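Please read the structure below before turning to the comments.
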Amino acid sequence: MTKKPTAVSLFSGCGGFCEGVELAGFEVKAAVEFDRFACETYRANFPKTPLFEGDIHDFLSGDNLDKHQKICGESVDLVFGGPPCQGFSQIGPRNLFDDRNQLYTQFARVVDQLRPRMFLMENVPNILLMKKGHFRDAIIEHFRSLGYGNTTFVKVSAADFAVPQARERVFFFGTRDDLNCGGEITDFAIKLLDTQKVEKQTTVWDAIGDLPNEVVPSGARLPYPPVDRPHPFLQMMRLDYSEGCYSKSTKRKRAIGRDEAQLHNHHTKEMMAKRARLITFLKPGEKADSLPKEIWNGARPEKWRRLHPDLPSYTILAQMHRDLSEWVHPKHDRWITVREAARLQSFHDGFVFKSSEWQMLKQIGNAVPPLLGHAVATMAKAILVDASVPGNAVEGFVESTEEQYIGLSPVVTKLSA
């Protein structure tokens, strides 16, 4: 049997990045997450993955060192995650190594301890520009000093990889110095990502058009909605189809299990009468500054927004848990539901969110979209193939053609048609 490459997940959240990495063919040996509500969702969807619920400072340290190293295994191929970087705030001295930025330095510590063949770290695009690139350069130099001399980054848009959302992110990545990459890897990585891009982006309506206007209270379920000739993206999301990297059996391995198909998480926040009247004036794709003056004074136009059905969504954010006024349904006079937000992040219907509605929305907004995670993890796997060293390669990695390097999912060809 061919052995899967192994990975360790840091700052795992509810598991969006892990979903993508597993879809790319990695075995996630261990995950680390501090937020207990995100852990509830993670455990429900990844019951076989050892999850360390706690402060990352305590992972691979003190009395936990030997136990955690045994779980991760002797040889790790990939460490991945998206550490929050409070020290990158535009207020204050903005020092990469200040006390507020311990989460970033803990990611680097784990990389230094596990010595994976490669690391993959997600962050926001602003990190490239702040302080004239100081943080970008400091991150690269830090990892190079740890023995990952071939460290670089790519900036990507989730919409290019079938995610129905204009969400831009940066991924820093690097390979261990003893791997033979044959030179700088940025161009190779960009080529691998370009090959996976869809020609036609997925729209909001492509993603949620089959879901009913009817919503239920938090915790309740609906009969699974029928659909006629669904869009290829819907075939990936729905429980009754196999498409691209998502098979029906893959979806059933998550929290939905093998019970009778039902629609989970199709609930949303209640709306006061004043707000309900206000959103009736919002046309698809418009903001608060489009409202009549007697309804809104035009200040803070981003405060109210209705999604456009024929475009990808704007960025899904964790702040949804406080206020959904920026995410008005494209056709119905209500907020989007938890399930609709999940679809816009490319979570399939078998992935069930746990805890309170407030926490579910926060988890979804914080997540790496699974299909974006799949794209960058596929890129990482191909780089590891290229960097294989005799006597150090994972069995099954060494291939002979570019097509085998890439191992692309059918989602690319179907959504490009």
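The values are calculated or read from the model by the stated rules, or taken from the named source; none is laboratory data. Since we're looking at a predicted model, the values are computed, not measured. Quick reminder, even Gly has a Cβ in these numbers, built from the backbone with ideal geometry, and neighbours come from all protein chains shown. We work out accessible area using only protein heavy atoms, side chains counted, and drop any ligands, DNA or RNA first. Shrake-Rupley method; radii C 1.70, N 1.55, O 1.52, S 1.80 Å.
Accessible area, 1.4 Å probe, largest first: how do ASP310, ASP206 sort? Don't skip to the answer; put the middle values down first.
Numbers: ASP310 105, ASP206 35 Å².
So, going from the largest accessible area down, we get ASP310, ASP206.
If I ignore ligands, DNA and RNA and count only protein heavy atoms, how much of HIS321 is accessible to a 1.4 Å probe, in Å² to the nearest 10?
10 Å²
Quick one: if you stick a label point 7 Å off each Cα along the C-beta vector at SER249 and ASP323, how many nm between them?
In this crude spin-label approximation the distance works out to 4.8 nm.
When ligands, DNA and RNA are left out and all protein chains stay put, how many square angstrom of accessible area per residue does the range 126-200 have with a 1.4 Å probe?
Values: 3200 Å² over 75 residues.
Result: 43 Å² per residue.
Which net charge results when you count Lys and Arg as +1 and Asp and Glu as -1 among the other residues whose beta-carbon is under 13 Å from that of ILE71?
Working: positive: LYS29, LYS48, LYS67, LYS70; negative: GLU27, ASP66, GLU74.
Summing Lys and Arg as +1 and Asp and Glu as -1 gives +1.
To the nearest 10 square angstrom, how much accessible area does SER75 have with a 1.4 angstrom probe?
70 Å²
Keeping every protein chain in place, order SER356, SER313 by accessible area at 1.4 Å, biggest value first, i.e. largest first.
Details: SER356 50, SER313 0 Å².
Reading off the accessible areas and sorting them downward yields SER356, SER313.
How big is the gap, in Å, between the Cα center of the range 212-237 and the Cα center of the range 154-194?
What the calculation gives is 33 Å, centre to centre.
Any of LYS132/LYS303; LYS29/LYS253; LYS331/LYS354; LYS48/LYS248; LYS269/LYS362 with alpha carbons more than 21 Å apart? Name them for me. Present the calculation step by step, with values, prior to reporting the outcome.
Working: LYS132/LYS303 30 Å; LYS29/LYS253 17 Å; LYS331/LYS354 27 Å; LYS48/LYS248 19 Å; LYS269/LYS362 13 Å.
Over 21 Å Cα-Cα: LYS132/LYS303; LYS331/LYS354.
Once amide H atoms are placed 1.01 Å from N in the peptide plane, what residues at a sequence separation of 5 or more from PHE52, or on another chain, have their amide H within under 5 Å of its amide H?
ALA31, VAL32, GLU33
In the full protein assembly as shown, how much of ILE256 is accessible to a 1.4 Å probe, in Å² to the nearest 10?
ILE256 has an accessible surface of roughly 10 Å² with all protein chains in place.
In square nanometres, what is one fourth of the surface area of the convex hull spanned by the alpha carbons of the range 319-373? Don't jump to the answer; show the numbers that get you there.
Details: hull surface 15.8 nm².
Reported value for the Cα convex hull: 3.9 nm².
Between ASN64 and ASP310, what FRET efficiency follows from the Cβ-Cβ distance if R0 is 41 Å, with the result rounded to 0.05? Provide the component values of the computation, followed by the final result.
Details: r = 51 Å, r/R0 = 1.24.
So the FRET efficiency works out to roughly 0.20.
Within the range 105-190, which GluC sites (Glu not before Pro) sit in a loop by DSSP and count at most 15 neighbouring Cβ atoms inside 10 Å? Walk me through the numbers on the way to the answer.
Working: sites: GLU122, GLU141, GLU168, GLU184; in loops: GLU184.
Qualifying residues, ordered by number: GLU184.
Extending each Cα 7 Å along its Cβ direction at GLU74 and GLU294, get the distance between those two points in nm, one decimal.
A separation of 7.8 nm, rounded to one decimal place.
Separation of the range 239-266 and the range 299-354 by C-alpha centroid, Å?
The distance from the Cα centre of the range 239-266 to that of the range 299-354 comes to 21 Å.
With a 1.4 Å probe and all protein chains kept in place, how do HIS142, HIS57 rank by accessible area, largest first?
HIS57, HIS142
Could you tell me what fraction of 2.2 N^0.38 Å the Cα radius of gyration of the range 122-186 comes to, as a two-decimal ratio? Provide the component values of the computation, followed by the final result.
Working: Rg = 13.4 Å, N = 65, 2.2 N^0.38 = 10.7 Å.
Ratio of Rg to 2.2 N^0.38 Å for the range 122-186: 1.25.
So what is the relative contact order of the chain, in percent, for Cα pairs below 8 Å that sit 6 or more residues apart? Mind showing how you got there, number by number?
Numbers: 807 pairs, mean separation 83.2, N = 417.
That works out to 20 percent.
Which length gain, in nm to one decimal place, applies between LYS3 and SER388 when the Cα-Cα distance is subtracted from 0.36 nm times their residue separation? Each step should come with its number before you reach the end.
Details: separation 385, 0.36 × 385 = 138.60 nm, distance 1.44 nm.
This chain segment gains 137.2 nm when fully extended.
The chain: Rg/Rh from Cα coordinates, Kirkwood Rh? Spell out each step's value before the answer.
Values: Rg = 21.5 Å, Rh = 22.2 Å.
My calculation puts Rg/Rh at 0.97.
Place a +1 charge on the Cβ of each Lys and Arg in the chain and a -1 charge on the Cβ of each Asp and Glu, then give the dipole magnitude about the Cα centre in debye, rounded to the nearest 20. Working shown, then result.
Working: 53 positive and 52 negative charges, 227 e Å.
Dipole of the chain, to the nearest 20 debye: 1080 debye.
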